[in-house]
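The values are calculated or read from the model by the stated rules, or taken from the named source; none is laboratory data. Since the model is a prediction, treat every value here as computed from it, not as a measurement. Cβ: placed from backbone, ideal geometry, glycine included. Neighbour counts: every protein chain shown. Keep in mind that these areas ignore ligands, DNA and RNA; they rest on the heavy atoms of the full protein, side chains included. Shrake-Rupley method; radii C 1.70, N 1.55, O 1.52, S 1.80 Å.
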Amino acid sequence: MLFGFEWDLSSPAAYAASILPILLIGMWVTIQATVIGFIVALVLGLVWAVLKAAPFRIIAWPATVMTEFIRDTPLLVQLFFLYYVLPEYGIVLPAFMTGTLALGIQYSAYTSEVYRAGIEAVAKYQHEAARALNLTPARTFTHIVVPQAVPRIVPAMGNYLVSIMKDVPVLSVVTVLEMLNVAKIVGDRTFNYLVPLSMVGGLYLVMTLVASAGVRLLDGWLPKQGVPLK
Amino acid sequence: MNDPIIKFDKVIKRFGDLTVLDELDFEVGRGEKVSIIGPSGSGKSTVLRILMTLEGIDGGVVTVNGEPLWHEEGPDGLRPASEAHLHKMRTQLGMVFQQFNLFPHMTVLRNITEAPVKVLGLSKAEAKGRAEELLELVGLADQAQKYPHQLSGGQQQRVGIARALAMRPNVLLFDEPTSALDPELVGEVLNVIGRLAEEHDLTMLLVTHEMRFAREISDRVCFFDQGRIREEGTPEELFTDPKEDRTREFLKAVLD
């Protein structure tokens, strides 16, 4: 029994049907971790991108070093660090929060590069036209550069959304009951791993296909020339 | 020239080792229509880009309406201009770009009203009224709700002209406005510029390769060569009886 659900081992099909609700509970945790991790990655990545673009090296340089460090160390190492080292200094976070934070931080290093590339891809001519019209740099950034950068950013961000989703099982090592961890526990209890693990693979496929389709839809809906302003 | 609106006084501009403007002296009178012709790399476009504050200068003084453009009056003479000073000076100038440089994500109307609303502080209704008048002027009254990519190059450039005019500049700079257009679309843009030149007291500075057009609309034509004005005069003088060999060679090359 897990989460109050019993399993039925009379046949593979009955077994699968009986553990589906348990796996769906795990899947819901996976989705939450993905979404929160992705939001952290999007927001923190934007912060990195802005800091790295700062005209003062005293701001830009530490941001560059930090993102480089985050990118070049494994997610698992960062996760262990947050989960085991921080409590030594009195910072105790729930496992789920630690895990999603680690995911978000890891991916913020990647998303910051996507932002940078998207912003830089907006042609110099657009900046010149804005300057000739005497628009302020802030207005130019928010109303000329960002709307044109968004369609370039969306597909790459979509890839990272799927990557984050596929990295969520790493959180199982710090006891987060995401889908893979749930399936493993079910397997441990029933001595049948084939069915739950196959189901995790199938459910993952469904999730990633849906996420990819959503991103493609958004990408197709956004005009290539930028978010339209009437 | 009495009280020129634009004055270049021994202006130097370098890109690395290359001297693009070599102690250039150049003046444009109020309301004057001046064409700048010359081979590529002669510094023609740089003159416009300096005036639009898209490029700084390395020496000399540029004045617009009697006030230094790239300098400010300081306690001990001229000092380099602050961004606030450039912002103030830019209100007098407008530019039409070779590549149009419209904002691709904004409708034609929004392209024209964005800066008047945000920079000049016009109400949306006022800006819209002004934009509609200007679209009428450039013959695109029915295209206000379209996006730039839905228009031909010639139409886009006419929007570019309307957008620049919406800021009510004293001086309008045209940087090879027809060079990026298919030949059959050049005429419609030149017509608009020609009509502006005839009907408005706007000062116009035009860099162009359209010799016949330069001859038609200009009060004065300047032949640029190697960062200086090699020869200048009325279109009549310059095109029919050039004094300099370089001018003659250039005109022969482009007119044949």
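Some notes on this structure:
- Hey, B:Glu210 touching a Cys at 6+ places or on another chain (Cβ under 7 Å) and either buried (at least 18 other Cβ atoms within 10 Å of the Cβ) or without any contact (Cβ under 8 Å) to a residue 24 or more places away in the chain (or both) or not: no
- Scan of segment B:4-30 for residues that are farther than 16 Å from B:Arg220 by Cβ, out of contact with any helix residue (DSSP H, G or I) (no Cβ under 8 Å at 6 or more places or on another chain) and in contact (Cβ under 8 Å) with a residue 40 or more places away in the chain, ordered by number: B:Asp9, B:Lys10, B:Ile12, B:Arg14, B:Thr19, B:Asp22, B:Glu23
- Lone qualifier among B:Val254, B:Val221 - being touching a His at 6+ places or on another chain (Cβ under 8 Å) and more than 30 Å from B:Val119 (Cβ to Cβ): B:Val254
- Test: residue in segment A:69-84 that is outside any loop (DSSP other than H, G, I, E, B), open to solvent by less than 20 Å² (accessible area, probe 1.4 Å), out of contact with any strand residue (DSSP E or B) (no Cβ under 7 Å at 6 or more places or on another chain) and not aliphatic (A, V, I, L, M): no
- Residue ID - surrounded by the most Cβ atoms within 10 Å (Cβ to Cβ), chosen from residues in segment B:81-118 that are among the basic types (Lys, Arg) and out of contact with any Lys or Arg (no Cβ under 7 Å at 6 or more places or on another chain): B:Arg90
- Filtered residues of segment B:60-91 (kept if more than 12 Å from B:Asp9 (Cβ to Cβ) and either among the hydroxyl-bearing types (Ser, Thr, Tyr) or in contact with a Phe, Trp or Tyr (Cβ under 6 Å, 6 or more places away or on another chain) (or both)): B:Ala81, B:Ser82, B:Thr91
- For segment B:151-185, a residue qualifies if it is charged (D, E, K, R) and open to solvent by 20 Å² or more (accessible area, probe 1.4 Å), and the qualifying residues are B:Arg158, B:Arg168, B:Glu176, B:Asp182, B:Glu184.
- Residue ranges of helices (runs of 4 or more DSSP H) in segment A:96-209 with at least 1 members open to solvent by less than 10 Å² (accessible area, probe 1.4 Å), within 14 Å of another protein chain (Cβ to nearest Cβ) and modelled with pLDDT under 95: A:146-167
- Segments classed as strands (runs of 3 or more DSSP E), wholly inside segment B:49-106, with at least 1 members that are more than 7 Å from every other protein chain (Cβ to nearest Cβ) and charged (D, E, K, R): B:71-74, B:77-80
- The single condition among (1) aliphatic (A, V, I, L, M); (2) assigned to a helix (DSSP H, G or I); (3) within 14 Å of chain B (Cβ to nearest Cβ) that A:Val227 does not satisfy is (2).
- The condition (being farther than 17 Å from B:Gly160 by Cα and more than 21 Å from the chain's Cα centre (by Cα)) is satisfied by just one residue among B:Lys124, B:Lys88: B:Lys124.
- Tabulated pairs, segment B:127-149, first polar (S, T, N, Q) and surrounded by fewer than 16 Cβ atoms within 10 Å (Cβ to Cβ), second at pLDDT below 95 and in a loop (DSSP other than H, G, I, E, B), C-beta under 8 angstrom, 6+ apart or interchain: B:Gln145/A:Lys230
- When B:Glu114, B:Glu136 are checked against the criterion of being more than 10 Å from every other protein chain (Cβ to nearest Cβ) and among the charged types (D, E, K, R), a single residue qualifies: B:Glu136.
- Filter pass, B:Gly121 being open to solvent by 30 Å² or more (accessible area, probe 1.4 Å) and either touching a residue at least 60 places away in the same chain (Cβ under 8 Å) or within 14 Å of chain A (Cβ to nearest Cβ) (or both): yes
- Restricting attention to segment A:94-118, the residues being over 14 Å from A:Ser172 (Cα atoms) and out of contact with any helix residue (DSSP H, G or I) (no Cβ under 7 Å at 6 or more places or on another chain) number 2.
- Filter pass, A:Ala129 being without any contact (Cβ under 8 Å) to a residue 40 or more places away in the chain and of a type outside the set (S, T, N, Q): yes
- A:Ile59 aliphatic (A, V, I, L, M) and surrounded by 12 or more Cβ atoms within 10 Å (Cβ to Cβ): yes
- Test for A:Ala60: is it part of a helix (DSSP H, G or I) and modelled with pLDDT under 95: yes
- Inclusion of B:Val34 among residues that are at pLDDT 95 or above, crowded, with 16+ Cβ neighbours inside 10 Å, in contact with a Ser or Thr (Cβ under 9 Å, 6 or more places away or on another chain) and among the β-branched types (Val, Ile, Thr) is warranted.
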